[in-house]
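Written below as structure tokens is the structure these notes are about.
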Amino acid sequence: MDIKAVILAAGKGTRMKSETTPKVLHQIMGKTLLGYVMDNVKNFVSEQFIIVGHHADEVEQFVKCNYQNAKTVLQSPQLGTGHAVSMVCPELVNYDGLVIILCGDTPLVREETLKAFVEFHKTNNSDITVMSTIFDNPTNYGRIIREEDNSLKCIVEEKDATPEQKAVKEVNAGIYCLDWKKVKDAFGQLKSNNAQGEYYLTDIISWGKGQNLNVSAYILQNSDEIYGINSRQNLAVATKMMNRRNLEKYMAEGVTIVDPDSTWISEDTIIGQDTIIYPSTYIEGKNIIGKNCKIGPCAHLRGGVEVCDNVKLGNFVEVKKSKISSNTNVGHLSYIGDSELGSHVNIGAGTITANYNAITKEKSRTVLKDDVKIGSNTVLVAPVTVEEGANIGAGSVITKDIPAWALALTRSPLKILSDWVSRKK
Ligand code: UD1
Ligand code: CA
């Protein structure tokens, strides 16, 4: 059966208190919240519809640049989550398959969980399935209200809940699976007579029951996964949860993380066995790190970094969009950006690839071939290539390509003025 996804990403995210960034484009370790959600469904749905509204241009741009099988649909004005889904109805007039609905602000849910959720929907012959979980502190989430026989009754939002309903700990994850043909009519029939004056998607539960549809809940055991982000506080908590999950995975695969409390590694980084990550290292975005590497302490990998085996990136080394071949050392206090480093290269302390021209705003590449040795405190002004085996003297500013096996240095001659100090005294 065909599955399509609808991801709600039009809301203002008032509680984030951001003027410049829509909520779903806030980031966790170099990846947007919406990016996490879209990545988690892209492998098992045929098409994704992203409902955009607040800062629609930016969200649209993000979707267009990063995802092929995704379409954005404008919701303006934003009258609630149910109204948001109704925007997609014209796109799915004759569709006869499943629709899975997710929120763009819930990045921790895993692909396996979503697949199990859809399986549950199918094996239960369900028409509407909602994902729920149990929270010790359910504040701010919609509560799952059940009948006496434990079947689903409805979902009540915090702002509409009675004190008894507020005491319920089973909450709505904001993830739904719908048999589209049977449920699509709901979206013309939802009402907005609630505390927020919005069309709530949550009302499809009671609507479905009224239509005698098969409505069920899938209770997720690991409640961390549906942690929603509504504020900066939530963002910090989610970042920590995501990081802990990633670090556990790397350690299980044979990577030493010396201090998990001070180490941050993104989900989209691949790390080879026996690599050691030293404390206070921050690795964001997509990266590949080989086997037997030593990274940090205090290294910063900013994404697009590919590091082969036996490489050392030492303390206070920042690397972005670069490839570093095996057995190369970047020991201390260096910046390597938009670069390609060969094997057995040694980079002296304090070396900088000057990749950015502040006037043209262009970025250029630095290429260092195999066996190149760069003296400390060198500036490599890109675009520049240092051919195989060449050496650069310490303190140089390199503005031209250097031929293989040459020594290059830009250095004013050393003057020694004998007894200068004693004469001054
Ligand atoms: C929503 C659910 C709540 C659930 C919680 C889970 C409703 C009414 N409430 O509450 O039951 O426990 O998620 O995290 O559905 N959005 C739009 N258009 C709109 C309004 C919202 O696209 O008009 C998007 C937002 O961008 C967001 C998502 O829908 O990604 C959820 O909206 P949000 O305001 O965060 O809902 P919650 O109050 O968290
Ligand atoms: Ca939310």
Only bridges whose two residues both fall in the chain count here: according to DSSP, what percent of them are antiparallel, nearest 5?
20
Compute the distance from the alpha-carbon center of the stretch 203-246 to that of the stretch 108-127, in whole Å.
13
Take the residue pairs K169/K286; K153/K240; K31/K71 and return only those whose Cα atoms are more than 30 Å apart.
K169/K286; K153/K240
For the stretch 1-90, which GluC sites (Glu not before Pro) are in a loop by DSSP, counting at most 13 other Cβ atoms within 10 Å?
E19
Sequence-separation-based contact order of the chain, relative, with Cα cut under 8 Å and 6+ spacing, percent:
9
Highest GNM mean-square fluctuation, the chain, Cα pairs closer than 10 Å: which of K400, K71, K361?
K361
Percent antiparallel among DSSP beta bridges with both residues in the stretch 37-162, to the nearest 5?
40
Please compute the contact order of the stretch 325-413 in relative form: average sequence separation of alpha-carbon pairs under 8 Å and at least six residues apart, divided by the residue count, as a percent.
22
Using the Cα centre of the chain as origin and beta-carbon charges of +1 (Lys, Arg) and -1 (Asp, Glu), tell me which of G53, I128, T275 is placed farthest towards the positive end of the dipole.
T275
Gap in Å between the Cα centre of the stretch 247-278 and the Cα centre of the stretch 348-425?
34
Answer in debye to the nearest 20: the dipole magnitude of the chain about its Cα centre, from +1 Lys/Arg and -1 Asp/Glu charges placed on Cβ, is 1620
Too-long pairs where the Cα-Cα distance tops 23 Å, listed order kept, from K122/K182; K115/K321; K320/K369; K17/K249:
K115/K321; K17/K249
Could you state the angle between the C-alpha long axis of helix 56-66 and the longest principal axis of the C-alpha atoms of the chain, as a value from 0 to 90 degrees rounded to the nearest 10?
60
Along the charge dipole of the chain, pointing to its positive end and built from +1/-1 on Cβ of Lys, Arg, Asp and Glu, which listed residue (L414, V85, N40) has its Cα farthest out?
L414
Largest-first ranking of H55, H344 by accessible area, probe 1.4 Å, whole protein assembly kept, is H344, H55
If you filter the stretch 210-257 for GluC sites (Glu not before Pro), then keep DSSP loop positions with at most 14 other Cβ within 10 Å, what is left?
E253
Full-extension gain in nm, M1 to R244, via 0.36 nm per residue minus C-alpha separation:
83.9 nm
Per residue of the chain, what 222 nm ellipticity follows from adding -39500 (n - 2.57) for every DSSP H run with n ≥ 4, rounded to the nearest 500?
-5500 deg cm²/dmol
Considering Cα pairs under 8 angstrom that are at least six residues apart, work out the relative contact order of the stretch 3-226 and quote it in whole percent.
24
Going from most exposed to least, what order do V88, V367 have by accessible area with a 1.4 Å probe?
V367, V88
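The values are calculated or read from the model by the stated rules, or taken from the named source; none is laboratory data. From a predicted model like this one, the values you see are computed outputs, not experimental measurements. With ideal geometry, Cβ positions are generated from the backbone for all residues, glycine too; neighbour counts draw on all protein chains shown. Calculation scope for accessible area: heavy atoms of the full protein, side chains included, ligands and nucleic acids excluded. Shrake-Rupley method; radii C 1.70, N 1.55, O 1.52, S 1.80 Å.
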